[in-house]
């Protein structure tokens, strides 16, 4: 990597997947150009750079596209071989970090969608129950550490970090208080949000709330 | 890693996810103990080692469990720092290998399930169409190379390798000839199956065929 590297991020402001790439780039101090999509329309650049899925985020590094946010964050860490290092040094800890990152995308994310797309109170309650079970596992994984990465921000902090402002939205939509039920995760969220690299990379909660209500109205469930 | 390392693989004979871990261990020349599950019952060991999902494969290295096959193969490559290296050296090529591994698990695998679980000919045709589209992309990724890894077997060969004998089953279940439609993938499959590390790690096609018919009969679709 040289000082003349070109970084372009194809992104959409509300995306937790886009947010984690922004956080990773900010933690590494990389200056990049952001290309905002205008969904539901997709730009020619997005379709060319991610023909398989046509999804954001796509990071284009010196003309080479990298897709899928878990993969992109790992790529950033590998290609930018300087501190802060996101993935742990130890192969076993690295495997654990990847395992929980996968859990966040497959379990937490799908439960979180349900807490917003519910039609009945029963559906909402079931989604909240699922969400609580997943967050409990994540809080156990955090344990007494300041960050998932230990004393410093690591891969898993960046991956879950994309959800920080979304947590307040899930809470607003339902009757349960995510952050109060999980004091250690609450403290972790506050700690992350105090970092400029996180707070400047995350969407505004009011705009997010408005977006969620607009989608619910469009889908005829509000 | 020392000569006294203990490796245990919790496995199930027919699983393509288990097969790829067996292939990776064989490629690295690692001697391990295999613990076969007796599904649908789950062993106490499996539930203890993978409490989050309760799924095979789980690799236990010196008492530490690693779950999720893509993650396990990457772990094996990272902790066994000797040839053959599975992940490419170049970070961009590594990101590409991980991207296609994810594609295999999310797209190819779900289409392949449909080619076996169909109830009507329309469903079978749709599943085959999907499968053909995915295989086309994978064949394009292979290009003129001997292996996805180039001249030597790499990460993606191990990941897709778990499907080698399954390809013949998908073909038996439907009307299309996967391997004839994709001559480069066909040659790749033959090349892989000539390696003892692959052929000894993969299930027997006759037993697989019998299993698929038994499941279809149990589900009342045959």
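No value in this document is a laboratory result; all are computed from the given coordinates. Quick caveat: nothing in here was measured; it's all calculated off a predicted structure. Glycine gets a Cβ as well: all are built from the backbone with ideal geometry, and neighbour counts include every protein chain shown.
Let me check I have the definition right: for the stretch B:1-128, take the eigenvalues of the Cα gyration tensor, multiply each by 5, take square roots. What are those semi-axes in whole Å, largest first? Walk me through the numbers on the way to the answer.
On the way: eigenvalues 159, 92, 26 Å².
That gives 28, 21, 11 Å for the three semi-axes.
Just checking the output field for A:91-101: average partner chain Cβ neighbours within 10 Å of each residue's Cβ?
Mean number of neighbouring Cβ atoms from other chains: 6.
Would you mind listing the distances between the residue B:210 label point and the same position in each other copy? Use 7 Å along Cα-to-C-beta, nm, one decimal, shortest first.
Output for residue B:210: 6.5 nm, nearest copy listed first.
Under a GNM of chain B (C-alpha, springs under 10 Å), which listed residue has the highest mean-square fluctuation: B:121, B:49, B:193?
B:121
Determine, from the Cβ-Cβ distance of residue B:187 and residue A:177 and an R0 of 51 Å, the FRET efficiency 1/(1 + (r/R0)^6), rounded to the nearest 0.05.
Efficiency at R0 = 51 Å is approximately 0.30.
Using a 7 Å offset from Cα along the direction of the beta-carbon, what are the separations from residue A:168 to the same position in each other copy, nm, ascending?
6.0
Treating only the Cα positions of the protein assembly as shown as identical point scatterers, give the base-10 log of I(q)/I(0) from the Debye formula at each q in 0.07, 0.10 Å⁻¹.
Debye curve over Cα of the protein assembly as shown, log10 I(q)/I(0) at q = 0.07, 0.10 Å⁻¹: -0.38, -0.80.
In which sequence would A:214, B:98 go, from the one with the fewest C-beta neighbours within 10 Å to the one with the most?
By the 10 Å Cβ count, ascending, the order reads A:214, B:98.
Taking the Cα-to-Cβ direction at residue B:119 and at residue A:93 and moving 7 Å from each Cα, how far apart do the two end points lie in nm?
Reported label-point gap for residue B:119 and residue A:93 is 5.1 nm.
Return the calculated 222 nm mean residue ellipticity for chain B, to the nearest 500 deg cm²/dmol, obtained by summing -39500 (n - 2.57) across DSSP H runs with n ≥ 4 and dividing by the residue count.
Values: 12 runs with 124 residues, N = 222.
About -16500 deg cm²/dmol.
For chain B, how big is the tail of P(r) above 24 Å, as a whole percent of Cα pairs? Mind dumping the intermediate values first?
On the way: 10799 of 24531 pairs.
Tail of the P(r) past 24 Å holds 44 percent of the pairs.
Determine, for B:20, B:191, A:195, A:190, the number of other Cβ atoms within 10 Å of each Cβ, and report the residues in order from fewest to most.
Numbers: B:20 28, B:191 14, A:195 17, A:190 11.
Ordered by Cβ neighbours within 10 Å, fewest first: A:190, B:191, A:195, B:20.
Run the quick spin-label model on residue A:132 and residue B:109: label points 7 Å from Cα toward the beta carbon, then report their separation in nm to one decimal.
Between residue A:132 and residue B:109, the simple spin-label model gives 3.0 nm.
Test of understanding: in a Gaussian network model of chain A with alpha carbons linked when under 10 Å, which of A:65, A:205, A:183 would top the mean-square fluctuation ranking?
Residue with maximal mean-square fluctuation among A:65, A:205, A:183: A:183.
Per residue and in cubic angstrom, what volume does the convex hull of the Cα atoms of the stretch B:7-79 have?
81 Å³
Expressed in whole Å with the largest first, what are the equivalent ellipsoid semi-axes of the stretch B:91-218 derived from the C-alpha gyration tensor as the square root of 5 times each eigenvalue?
Those come to 25, 17, 13 Å.
Would you calculate the separation in nanometres between label points at residue B:215 and residue A:83, each defined as 7 Å from the Cα along the Cα-to-beta-carbon direction?
Each label point lies 7 Å from its Cα, and together they span 5.0 nm.
Over the protein assembly as shown, what is the percentage of antiparallel beta bridges among all DSSP beta bridges, to the nearest 5? Kindly include the intermediate steps, with their values, before the conclusion.
Numbers: 18 of 26 bridges.
Just about 70 percent of them are antiparallel.
Using a label position 7 Å from Cα in the Cα→Cβ direction, what is the ascending list of nm distances from residue A:52 to the same site in the other copies?
Result, one decimal in nm: 2.2.
Counting other beta carbons within 10 Å of each Cβ, put A:129, A:41 in order, fewest first.
Neighbour counts put them in this order, fewest first: A:41, A:129.
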